[in-house]
Amino acid sequence: MMKIFKMKDYDQMSQKAANLIAAQIITKPDCVLGLATGSSPIGTYKQLIEKYNNGDLDFSKVTTVNLDEYKGLPRDNDQSYYYFMNDNLFDHVNIDKENTHVPNGMIEDSEKECADYEALIASLGGQDLQLLGLGHNGHIGFNEPADDFAKTTHCVNLQESTIEANKRFFASIDDVPRQAYTMGIGTIMKAKKIVVVVSGADKADIVEKAFFGPVTPHVPASILQMHPDVTVVGDEAALAKVNL
């Protein structure tokens, strides 16, 4: 079942997404949140921080698992997703850092790190709510277009388009990591609820393909059509091709 909310702009989209996450925390204070990075959820995190500062939210019992991390970036690198999460959310709320989990990109043994991360998520009982962004090529997490849906946490070679999209964050394109650890599609699909945030006219084509086109691993996000509880929160520009 897919619900779609068309909000006026990025700020309203962020507010709506934050309300959905806040409702999850209030309903189940010890919930497991799956979190995403990138520009799309930054506004959502800002809204959650505001709710916390206003005394409306308590993160003290919340556990988080992040979707992905670049392989080979130390955690103190300001482009690592570990750094991003602390900077954009964890440092500003009363979450126990021991309960926040991001794949460790510095562990060389890909198979071990991926198996350990998958086991960790299973031990927590899976995500009560998973927040996702949507890549221009339909990727969710770092699950790039492929011939099949990756089931579990794995190491992925990033596509040129993804490296190109990320190069603005690095001194040069040579500094952009070529690999990442990411939750698999199967891991994401096990989440009880999924919230997708998407904004901007440049996402209108992929929104139409992912949520109204055929389900295919060549558009990884299209699998979300098969999930029982997905909410897409987009701004008018991103949902321009969708008749609601």
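The values are calculated or read from the model by the stated rules, or taken from the named source; none is laboratory data. Source: prediction; values computed, not measured. Cβ: placed from backbone, ideal geometry, glycine included. Neighbour counts: every protein chain shown. Side chains included, ligands, DNA and RNA excluded: accessible areas come from the protein's heavy atoms. Shrake-Rupley method; radii C 1.70, N 1.55, O 1.52, S 1.80 Å.
Okay, here's what the table says:
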item: Scope segment 104-119; condition farther than 17 Å from ALA36 by Cβ and either in contact with a helix residue (DSSP H, G or I) (Cβ under 9 Å, 6 or more places away or on another chain) or surrounded by fewer than 17 Cβ atoms within 10 Å (Cβ to Cβ) (or both); matching residues; result: ASN104, MET106, ILE107, GLU108, ASP109, SER110, GLU111, LYS112, ALA115, ASP116, GLU118, ALA119
item: Those residues of segment 115-138 which are of a type in the set (D, E, K, R) and over 22 Å from ASN104 (Cβ atoms), in sequence order; result: ASP128
item: In segment 232-244, residue modelled with the lowest pLDDT [restricted to those that are hydrophobic (A, V, I, L, M, F, W, C) and surrounded by fewer than 21 Cβ atoms within 10 Å (Cβ to Cβ)]; result: LEU244
item: Failed item, numbered, when PRO41 is tested on (1) closer than 21 Å to ALA165 by Cα; (2) open to solvent by 10 Å² or more (accessible area, probe 1.4 Å); (3) of a type outside the set (D, E, K, R); result: (2)
item: Odd one out for ALA22 among (1) assigned to a helix (DSSP H, G or I); (2) buried (at least 20 other Cβ atoms within 10 Å of the Cβ); result: (2)
item: Among residues of segment 177-228, those that are within 19 Å of CYS155 (Cα to Cα) and among the β-branched types (Val, Ile, Thr), counted; result: 5
item: Matching option when the condition is open to solvent by 10 Å² or more (accessible area, probe 1.4 Å) and closer than 27 Å to ALA238 by Cβ, among HIS92, HIS101; result: HIS92
